[in-house]
Amino acid sequence: MVERPFRYGGGELCCEGVALADIAERYGTPTYIYSAGAIRSAYAALDAAFAALPHRVCYSVKANPNLAVCSLLAGLGAGADVTSGGELARALRAGFQPSSIVLAGVGKSREEMQQALAAGIGLFSVESEGELRLLSEVAQTMRLRAPVALRVNPDVDPRTHPYITTGLARNKFGVPLSDARYLYDLAGQLPGISISGVGMHIGSQIEDLIPMIEATRSLAALARDLLGAGHPLRYLDIGGGFAIPYGEEMPDPPVRLAREIEPLVRSLGLTLLTEPGRSLVGGAGALLLRVLYRKRNGARKFIIADGGMNALLRPSLYGARHKLLPVREGAGETEADVVGPVCESADFLSRDVPVPDVQPDELLAVLDAGAYGFAMSSEYNGRPRPAEVLIDRGVARLVRRRQTYDEMMALELGL
């Protein structure tokens with residue numbers, strides 16, 4: 001388990017030796033803070049878990065798309081998993097090698113296909129027959145060949161939150177396992193298509209890896225059949241979904257999956273692709289907030305902070321529970337809901353659990369917010385998106401400044 005980077009020192013919560021109170025003084029709040037050291041450690045651990053196999057770790061850019069974070073991972077040798085033209089442009093600017101980029105997503109447009117083909121990406125993860133036929137048409141028009149892996153839906157329950165399951169038959173993702181042979185035979189006949197692999201992704205925040213092991217076995221069996229039929233596969237893409245602990249839970253480490261599937265993958269002679277996001281950056285980040293008020297409505301107590309669902313949507317969207325720590329050590333605990341300033345009853349960061357007994361103008365840190373934090377933030381209620389700070393070897397650097405009101409309105413056209 002990679003050690004969490006936010007710890008107390010001298011009575012103050014710190015990240016890599018930098019006091020979070022100093023970050024608030026310099027850059028204000030709400031602000032996301034990321035530990036470069038924690039990201040490096042998480043990548044090294046995951047890379048080592050699959051060291052016995054030819055493999056590539058492709059960072060899932062949607063988890064945290066900040067250019068500094070992406071550049072850090074590109075510099076470590078990671079590839080990238082992207083789901084849109086915007087993420088592709090970001091990955092290229094961050095320094096990921098085009099040949100190491102996988103373009104996923106159920107709704108790729110013609111323009112995104114053209115963009116990816118022109119960039120020379122390594123793999124298209126194709127999710128339907130209609131997409132396969134359109135990609136063939138686009139590639140043929142450009143006189144290029146698109147490297148393709150069909151994303152298979154193995155109908156395996158990852159036993160996670162229903163909003164982040166992606167490998168069940170009722171989900172929109174992938175093609176049914178029963179249709180795979182037909183679609184590969186079709187792909188082999190379509191101009192502009194180069195069959196390169198087979199893939200899956202069954203969900204996110206998977207604590208028990210047994211479903212992922214089972215799904216990989218099904219995927220490996222399909223790959224063996226396809227190889228036997230003469231399809232020239234190079235990659236077995238098992239997706240991502242490795243969990244992190246948001247509380248006291250102890251999710252299965254990726255090395256368990258690696259050990260179980262190593263004989264299967266080795267016998268196929270394919271390069272393993274995995275596409276982690278949360279497990280690389282989730283524990284490396286925290287959201288720093290300032291308390292505005294405390295109030296009581298009848299028996300209910302509230303701590304109101306300067307950031308809520310506009311800054312961190314996960315609690316409102318998924319009912320996610322993030323650990324909260326006072327920046328000043330020793331604040332004690334109280335029974336209160338921690339909420340934000342947004343005009344919605346769904347605007348909360350924590351409720352129905354003990355929270356730090358922080359007072360107005362004191363600072364509060366929401367831990368394990370490095371994944372799907374800033375990426376899902378919004379300008380709702382006219383609130384600027386937070387600043388982002390990367391701390392590397394004791395040096396704090398602003399890697400995204402806070403939006404101004406003018407920037408929020410810059411793209412709008414007045415009457």
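The values are calculated or read from the model by the stated rules, or taken from the named source; none is laboratory data. Since we're looking at a predicted model, the values are computed, not measured. Every residue, glycine among them, receives a Cβ derived from its backbone with ideal geometry; neighbour counts consider all protein chains shown.
So which of Leu264, Leu236, Leu227, Leu273 is in contact (Cβ under 8 Å) with a residue 12 or more places away in the chain and within 30 Å of Ser35 (Cβ to Cβ)?
Only one candidate passes the filter, namely Leu273.
Is there any pair with a first residue in region 370-391 that is assigned to a helix (DSSP H, G or I) and a second that is at pLDDT 95 or above and acidic (Asp, Glu) whose Cβ atoms are under 8 Å apart and which are 6 or more apart or on different chains, and what are they?
From residues that are assigned to a helix (DSSP H, G or I), the pairs are Phe374/Glu388.
Counting only residues that are buried (at least 21 other Cβ atoms within 10 Å of the Cβ) and at pLDDT below 95, give me the strands (runs of 3 or more DSSP E) lying completely in region 79-190 with at least 3 of them.
146-153
Output the residue which, of all residues in region 233-253 that are buried (at least 24 other Cβ atoms within 10 Å of the Cβ) and outside any loop (DSSP other than H, G, I, E, B), is farthest from the chain's Cα centre (by Cα).
Taking the candidates together, the pick is Leu236.
Answer with yes or no whether Leu317 is more than 30 Å from Ala48 (Cβ to Cβ) and at pLDDT below 95.
For Leu317, the condition - more than 30 Å from Ala48 (Cβ to Cβ) and at pLDDT below 95 - is met.
Can you confirm whether region 328-341 contains a residue that is exposed (fewer than 13 other Cβ atoms within 10 Å of the Cβ) and among the polar types (S, T, N, Q)?
no
So which strands (runs of 3 or more DSSP E) stay within region 318-369 end to end and still have 1 or more residues that are in contact with a Gly (Cβ under 9 Å, 6 or more places away or on another chain) and free of Cβ contacts under 8 Å to residues at least 40 places away in the same chain?
337-339, 354-356
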